[in-house]
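Student: First the structure, which I've put down as structure tokens, then a few questions once you've had a look.
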Amino acid sequence: MIGICAYGGYVPRHRLNRMAIFGAMGWMNPVLIVHATGEKAVANFDEDSITLATAAGINCMEGFERERLDGVYFASTTAPFRERQNSVIMAGALCAREDVRTADFAGSLRSGTSALLSAIEAVGFNGGGPVLVSAADCRLGKSASVQEMYFGDAGASVLVGSENVIAEFKGSCSLAEDFVDHVRGSNSRFDRQWEERWIRDLGYNKFIPEAVQRLCQKFEMTPQDFEKIVYPCYMPSARRQIVKMLEIDPAVEQDGLQTVVGDTGSAQPLLMLGMALEEAEPGDKLLVIGYGNGCDALYFEVTEEIKKLKHRKRVSRSLAARQELDNYQKMLVWRDMIPADIGARGEEDLMMRWSLEWRHHNAVLGLQGSKCEVCGEQQFPPQLICANSECGAIDQRTPVNLSLGGGKIFTYTSDLLAASVNPPSFYGSIEFDGGGRAMMDFTDCTQEELVVGKRVKFTFRIQRYDSRRDLPIYFWKAIPIEEEVF
């Protein structure tokens, strides 16, 4: 049996009310008022598609041994690198094995479901080794555009394997159509879309029902046989028409999360699938559609194993952890859509020394420390000689993945002079569970949340951005928490 063994999702903490966008840009495009309902998820200044996908992958892998992973697949239309495999960075952050298979999927909004299908094929061919599929997008729409209203940022993951399968894969079909509704060139930052009627009538309302009908014919089923049908579509009118064309109860259609997250691109079908699996019961039949230059249609059946999965409200938990973004201009600065003066310190050339990064890549990407095999002293970064003055053992150490645990705030500082697009900068000393300390930045918090002795969890983020070379530099940051987060 091959299928989904676990699922996860990550929605950024910050949510921007769409009326705030209209309040700032409605003078230029009054029609935006039609779309100014609900809110959209906005990635923090130190987040991108890789960090969103990694956070979703960590959420998905709760309770699973990462060393067992045979594959890590990354899907996005907004990958940070053109020539540096993005999935390798994610695999390093997850502390996967060095012989893990990695692959990037891009070029279409259905890259998430394409990666999922490839993972299913890989597990079937390799005899059951689990493969993690993570999709994420941070798409940009121009100011005063409809895309700016409905684009949202998020990541979603599924773990594909042959053991403890919670949703068995039954089959699929695909459509490949060079139908251009949204397009972005290799040197373009912003999405460009064609006429909305074209997108609705000849895109969503044609290809999604056609994909459903083709799959139903293949397996001698009807749309009414499914307990949930998952498909990405940001247009309410198109969704109503699709429900009518499929002749299904509106309750069968999985909520598209448009009023609370937005259209998350490659991650959308997997994020919605996660929401469907939160409420699914054994025996439920699920149909998942990926849309973009055609369609992928995947048929799953929920098994009894889903009752054994712990902490099923994984996507909902991330949705609930929200904070309203207090102004629209902050998002523009974070996305480098308007120039902002961050002071002379921001002009310093801090070029990354890749040879140095390689020597410490396990510590940098995986937050990997070491524990002395003689006295048990734990330290970060890993050291050849034990830091315990009473021990001093040489090269007798075991790697420790510190990102799996937590720590406490030992010291903290609020710095208004540091170069940052989100002042003030918060940083300080963290004491890891089990021992060892490190200087780290704090993120997703306010100054009031920083208290000496308070618990923290760790998150993979952009440490700094090398604007001269257009390169994000990654490391781990600390987030203060009120209690243990499962």
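The values are calculated or read from the model by the stated rules, or taken from the named source; none is laboratory data. What you are looking at is a predicted structure, and each value in this text was computed from that prediction instead of being measured. Using ideal geometry, Cβ is built from the backbone for each residue, glycine included, and neighbour counts are taken over all protein chains shown.
Student: Considering only region 319-333, state which residues are aliphatic (A, V, I, L, M) and in a helix (DSSP H, G or I).
Tutor: First pass over region 319-333, keeping only residues aliphatic (A, V, I, L, M): 319-321, 325, 331-333.
Residues satisfying the conditions are Leu319, Ala320, Met331, Leu332, Val333.
Student: Taking Pro282 and the conditions (1) at pLDDT 95 or above; (2) surrounded by fewer than 16 Cβ atoms within 10 Å (Cβ to Cβ); (3) farther than 21 Å from Val165 by Cα; (4) in contact with an Asp or Glu (Cβ under 7 Å, 6 or more places away or on another chain), which numbered condition does it fall short on, given that it satisfies the others?
Tutor: Going through the list (1) at pLDDT 95 or above; (2) surrounded by fewer than 16 Cβ atoms within 10 Å (Cβ to Cβ); (3) farther than 21 Å from Val165 by Cα; (4) in contact with an Asp or Glu (Cβ under 7 Å, 6 or more places away or on another chain), Pro282 breaks only (3).
Student: Across region 183-199, what is the number of residues that are surrounded by fewer than 19 Cβ atoms within 10 Å (Cβ to Cβ) and either closer than 29 Å to Phe300 by Cα or touching a strand residue (DSSP E or B) at 6+ places or on another chain (Cβ under 7 Å) (or both)?
Tutor: Taking region 183-199 and keeping what is surrounded by fewer than 19 Cβ atoms within 10 Å (Cβ to Cβ), we get 183-190, 192-198.
When the remaining residues are screened for being either closer than 29 Å to Phe300 by Cα or touching a strand residue (DSSP E or B) at 6+ places or on another chain (Cβ under 7 Å) (or both), the result is 183-184, 189-190, 192-193.
Total meeting the criteria: 6.
One line per residue, one yes/no per condition, for (1) touching a Ser or Thr at 6+ places or on another chain (Cβ under 8 Å); (2) outside any loop (DSSP other than H, G, I, E, B); (3) touching a residue at least 24 places away in the same chain (Cβ under 8 Å); (4) at positive phi:
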| site | (1), (2), (3), (4) |
| --- | --- |
| Val72 | yes, yes, yes, no |
| Pro80 | yes, no, yes, no |
| Gly92 | no, yes, yes, no |
| Cys95 | yes, no, yes, yes |
| Glu98 | no, no, no, no |
| Asp104 | yes, yes, yes, no |
| Ser108 | yes, no, yes, no |
| Gly112 | yes, yes, yes, no |
| Ala119 | no, yes, yes, no |
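Student: Also, I was wondering about something else. Does Glu67 count as in contact with a Lys or Arg (Cβ under 9 Å, 6 or more places away or on another chain), assigned by TED's automatic domain parsing to the domain that holds Gly185 and touching a residue at least 40 places away in the same chain (Cβ under 8 Å)? Walk me through how you get there before you give the answer.
Tutor: Values: in contact with a Lys or Arg (Cβ under 9 Å, 6 or more places away or on another chain): yes; assigned by TED's automatic domain parsing to the domain that holds Gly185: yes; touching a residue at least 40 places away in the same chain (Cβ under 8 Å): no.
Considered against the rule, which asks whether it is in contact with a Lys or Arg (Cβ under 9 Å, 6 or more places away or on another chain), assigned by TED's automatic domain parsing to the domain that holds Gly185 and touching a residue at least 40 places away in the same chain (Cβ under 8 Å), Glu67 comes out as no.
Student: Sticking with this structure for a sec: List pairs: first residue in region 244-256 and farther than 13 Å from Pro209 by Cα and assigned by TED's automatic domain parsing to the domain that holds Cys233, second residue buried (at least 16 other Cβ atoms within 10 Å of the Cβ) and acidic (Asp, Glu) anywhere in the structure, Cβ distance under 9 angstrom, at least six positions apart or on different chains.
Tutor: These pairs meet every condition: Val252/Glu227; Gly256/Asp263.
Student: Something else about it: Can you run down the residue pairs with Cβ atoms below 8 Å, 6 or more apart or on separate chains, where the first is in region 310-339 and on the phi > 0 side of the Ramachandran plot and the partner is surrounded by fewer than 16 Cβ atoms within 10 Å (Cβ to Cβ) and in a helix (DSSP H, G or I)?
Tutor: Every condition considered, no pair remains.
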